[in-house]
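Remarks on the structure that follows.
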Amino acid sequence: MKLPLIGWLSRSPCWGVKAIAMMRLTPLVLSLSLAACAHMPSRETAQLGRWGGKGLELNINEDAGAIQRRLTFSCGWGSIDEPIIANGKGQWQAKGSYTQGSGTPPPEPPSAVPAIYWGTLKGDSLHIWGKTAAGDLITNIELRRDREPEIYFCPSAPPQQSQQQ
């Protein structure tokens, strides 16, 4: 069985020169390929655990084989429904949901609205922005992994004063 390359080389009038040129180029091509791979930016994923900041906590944990990303705000809660994977520049973006909280129990439970979260990730530092599908800004906070969050619960509405006549 003849290899196509060998057949092509043997039919060529300069087959010896071509074969030597190919043998010399192979290490060069391999070296350039490896060098290109070494300089490719790496993708970083937010690690499991507790991420805390001022007014926000992000818990990333595994539950029944699925990764959960739950957000607790000082005045609301939400989720990030896609993996937090940063590109080579440390930037990430993911879809999720947000539910506005309040200091007093609402007449009906609030419903979650679609949200988009994005930011930067570098090691144990995660900057997170978020906005609802309507464009309302949810957050712009720096989180640190294994840091205690500073959650301040929603203030209650001031008591209504009865009007005396």
By my count, strands (runs of 3 or more DSSP E) wholly in the stretch 54-94 with at least 3 residues that are of a type in the set (A, V, I, L, M, F, W, C) and under 16 Å from Arg147 (Cα atoms) are 56-63
Cβ contacts < 7 Å: first residue over 14 Å from Cys75 (Cα atoms), restricted to the stretch 117-142; second residue at pLDDT below 95 and among the acidic types (Asp, Glu), any location; separation 6+ or different chain. Result? Leu121/Glu44
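The values are calculated or read from the model by the stated rules, or taken from the named source; none is laboratory data. Since the structure is predicted, the reported quantities are computational estimates derived from the model, not experimental observations. Quick reminder, even Gly has a Cβ in these numbers, built from the backbone with ideal geometry, and neighbours come from all protein chains shown.
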